[in-house]
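Comments concern the structure below.
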Amino acid sequence: MGDRDIMENLLLTTKGVCDLYMHGTIESSTANVHQAFNQALKDSLCMQDDIYQKMSAKGWYNTEQAQSSQIQKVHSQYAGVS
């Protein structure tokens with residue numbers, strides 16, 4: 001397993017952890033529990049961003065620029081939705 005595979009696995013795992021912490025934050029029943037999950041979520045999001053930035057710098061995580069026609073299509077599709 002190469003460095004790219006390891007980083008990709010770390011990124012996917014961290015994204016999963018962020019999802020769990022987000023749900024914990026939303027569903028928490030007390031202020032203390034909410035605060036604990038919220039802080040863990042913030043820390044995990046920072047970690048996820050660090051991993052992404054490192055992968056992107058190495059060319060291991062490529063993104064595409066959305067075409068303006070695609071953006072306009074989605075915007076129009078949801079413009080009347082409340």
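The values are calculated or read from the model by the stated rules, or taken from the named source; none is laboratory data. Just so it is clear, the structure is predicted and the values come from calculations on it, not from any experiment. As a convention, Cβ positions derive from the backbone with ideal geometry for all residues, glycine included, and neighbour counts pool all protein chains shown. Just the protein is used for accessible areas: all its heavy atoms, side chains included, with ligands, DNA and RNA removed. Shrake-Rupley method; radii C 1.70, N 1.55, O 1.52, S 1.80 Å.
Which of the residues that make up region 1-23 are open to solvent by less than 50 Å² (accessible area, probe 1.4 Å) and not hydroxyl-bearing (Ser, Thr, Tyr)?
GLY2, MET7, LEU11, GLY16, VAL17, CYS18
May I ask you to list the residues in region 24-71 that are more than 30 Å from GLY2 (Cβ to Cβ) and open to solvent by 100 Å² or more (accessible area, probe 1.4 Å)?
If the condition is that a residue be more than 30 Å from GLY2 (Cβ to Cβ) and open to solvent by 100 Å² or more (accessible area, probe 1.4 Å), then ILE26, GLU27, SER29, ASN32, GLN35, LYS42, GLN67, GLN70 are the ones that fit.
Starting from residues that are open to solvent by 80 Å² or more (accessible area, probe 1.4 Å) and either touching a His at 6+ places or on another chain (Cβ under 7 Å) or not in a helix (DSSP H, G or I) (or both), keep the ones in region 72-82 and report whichever is modelled with the highest pLDDT.
Going through the qualifying residues, I end up with VAL81.
Can VAL17 be described as at pLDDT 95 or above and either assigned to a helix (DSSP H, G or I) or of a type in the set (Phe, Trp, Tyr) (or both)?
yes
Would you check if there is a residue in region 31-52 being in contact with an Asp or Glu (Cβ under 9 Å, 6 or more places away or on another chain) and among the basic types (Lys, Arg)?
Scanning region 31-52 turns up no residue that is in contact with an Asp or Glu (Cβ under 9 Å, 6 or more places away or on another chain) and among the basic types (Lys, Arg).
Determine if region 38-54 includes at least one residue that is in contact (Cβ under 8 Å) with a residue 24 or more places away in the chain and of a type in the set (Phe, Trp, Tyr).
Yes, region 38-54 contains at least one residue that is in contact (Cβ under 8 Å) with a residue 24 or more places away in the chain and of a type in the set (Phe, Trp, Tyr).
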